[in-house]
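These notes concern the structure reproduced below.
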Amino acid sequence: MSDPFRFLCSCNYSMFDQVGLSTMSMKNPYHLLGQSSVVYTSLFTLISSIPILMPRDKKVNTGILDLVHEQMMTMQIAMNSKEVNQRSFQLLQEYLNVAKGNSSPQHHAYHFIFYLHKDAATQKLEKAEVVLPRPQVRYVSPDRAEILPATRAALGNLLFSCGLSKHVKGGLMSEEEDLRLSDLFQQASEIQRQMEVSLLGLEQKLVVVKNALCVGRGIRVSVCSALAGLTLREQLALLQRLGKALDLCKDINLVGHAVLIGDRYGVDNLGNLWLKHEDSEEKWSSFFSAVDLVKALRYKKEATLRRGLEFKVAKLMEIEMIFTHDSLSIHPHYSQFLNEIAEGALQHGAVGGGKFQELPVKVTGNLEELGCGATEEIGSPMSFEVDKTMGYVTVPVYESLTNLYKFIEQHGEEALASRLRFKQLEEHLEGMKKKTRKILKLRHLSFDNGLSRDKCISACTRLLRNAHEFTRYTEGLSICVSNEHKLPQSGSKRPLYLKWDFSISDL
């Protein structure tokens, strides 16, 4: 027992023999395992660092032995650490065998724990812990399978957590490479399964931090949609930075305010306080100290009153809704328009005798004509018109109740017909979406906002037509139909992006 490395090697060769590795094969592990042997050799290095109780005058030499613990306070600590490390190493062998199709999974999730010294200068053991879901298998032939690139990347994270290089050959393909659809689906499925396990704790932390900010400081905080690509870990870091910024300005009363973390500073027309996500907590704190909180609360109150007034006008006119562009909504002319229409509708009653209850009305305006000295046109066009795509009528903000009623009574039927077609198409798309998600056993199915309805329907039609080919790949996946193929982002809950005009020949 005077040489702990020789002891560790001897006690672990039996494990290598079980998977076809011998002392000689470890000299050239790629000969047997190929690219995935990086995982074995790295973890063999790790297992060789299991702490063993040694005499006080014994020193550990260079290289691998730098990770070996020189002294342990008690034999119990040493033996427990050794047992945990050996169990995790055996579990890793099982994980790799499952990933290579050599055996069936015995665990719902694989929990790896290693105790080691990442710093030779310290006497303290550090705990490295990673949880991975069951690996998925890609069969390249009936009797041979290979480890998916996403699994290699997950194993790289395991090595990295143990203080080793995270580079594992054969990792994820770059987005520029042409992926076969079968590869795309399997890699995406593997990534999403890994995220389900690793992100659960982060989601809970996000909820806890948001609740703490709401209860402790009385604010509601969210990350704007433009930053939807951020990982949960990055979002959590933003919220923690916000907490530090608030600690720097404890004398500022932010109760009742809503904070949006985005790409600029300012106060929007709803009274939300915007922060630039790239800046430090000191700059955020300076913004809170300088911003006009009275104006922000006034905007918030006015927005609430506007929504109430819009609801009142729609109810008196007996239409589906009345709305406008964000920039016009805060202009005094819009509030004046709503008040005048409400007063007139109270006297004249429902437009068209109440037959336009499913008709939306959009109010438009021009800032230059409204006396603001700007040339921006808000909510074009600047005249009465019928939108034949979504089925609503537009009315200029300066028009009278009489002209508004007259136009709706003359063209409301046309607008309602367009509205009915729009709703039928939306219902058809929603039905296609539900059917596709059910038959392909998808977890979620969504469509990119920039994609036309016809393209969405085309994608669903081809997915359903070839469902028997896709179902072996798509079960449990979250897919967003878009203009490009793109794998889920590691560390986030983003879906697989599937190009709407994919070809079944690429499967």
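Quick notes
- Selection of helices (runs of 4 or more DSSP H) fully inside segment 393-507 by the criterion of at least 1 residues being closer than 27 Å to Lys355 by Cβ and in contact (Cβ under 8 Å) with a residue 12 or more places away in the chain returns 401-439.
- Candidate set from segment 498-507 (those that are closer than 17 Å to Thr471 by Cα and modelled with pLDDT of 80 or more); member that is most open to solvent (accessible area, probe 1.4 Å): Ser503
Results for (1) open to solvent by 90 Å² or more (accessible area, probe 1.4 Å); (2) under 22 Å from Arg298 (Cα atoms); (3) assigned to a helix (DSSP H, G or I); (4) of a type outside the set (A, V, I, L, M, F, W, C), shown as yes or no for each residue.
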| position | (1), (2), (3), (4) |
| --- | --- |
| Val221 | no, yes, no, no |
| Ala226 | no, no, yes, no |
| Arg233 | yes, no, yes, yes |
| Leu236 | no, no, yes, no |
| Leu242 | no, no, yes, no |
| Asp251 | yes, yes, no, yes |
| Gly256 | no, yes, no, yes |
| Leu260 | no, yes, no, no |
| Gly266 | no, yes, no, yes |
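- Selection within segment 362-392 - among the hydrophobic types (A, V, I, L, M, F, W, C) and either modelled with pLDDT of 90 or more or assigned to a loop (DSSP other than H, G, I, E, B) (or both): Val363, Leu367, Leu370, Cys372, Ala374, Met382, Phe384, Val386, Met390
- Residues considered: Phe447, Phe384, Phe407. Of these, the only one that is closer than 30 Å to Leu181 by Cβ and surrounded by 18 or more Cβ atoms within 10 Å (Cβ to Cβ) is Phe447.
- Residue that is open to solvent by 80 Å² or more (accessible area, probe 1.4 Å) and either out of contact with any Gly (no Cβ under 8 Å at 6 or more places or on another chain) or not in a helix (DSSP H, G or I) (or both), where the choices are Glu282, Glu310: Glu282
- Scoring Arg193 on the criteria (1) at pLDDT 75 or above; (2) open to solvent by 60 Å² or more (accessible area, probe 1.4 Å); (3) under 30 Å from Thr151 (Cα atoms) leaves a single failure, condition (1).
- When segment 319-349 is filtered for residues that are open to solvent by 70 Å² or more (accessible area, probe 1.4 Å), outside any helix (DSSP H, G or I) and free of Cβ contacts under 8 Å to residues at least 60 places away in the same chain, the ones remaining, listed by number, are Met321, His325.
- Candidates in segment 456-497 are the residues that are of a type in the set (Lys, Arg) and under 24 Å from the mean Cα position of the chain (by Cα); of these, the one that is most open to solvent (accessible area, probe 1.4 Å) is Lys493.
- Residues of segment 298-307 that are surrounded by fewer than 17 Cβ atoms within 10 Å (Cβ to Cβ) and closer than 24 Å to Ala350 by Cβ: Leu305, Arg307.
The values are calculated or read from the model by the stated rules, or taken from the named source; none is laboratory data. Nothing here was measured: the structure is a model prediction, and the numbers come from that model. A quick note on method: Cβ atoms are made from the backbone with ideal geometry, for glycine too, and the neighbour counts reach across all protein chains shown. Side chains included, ligands, DNA and RNA excluded: accessible areas come from the protein's heavy atoms. Shrake-Rupley method; radii C 1.70, N 1.55, O 1.52, S 1.80 Å.
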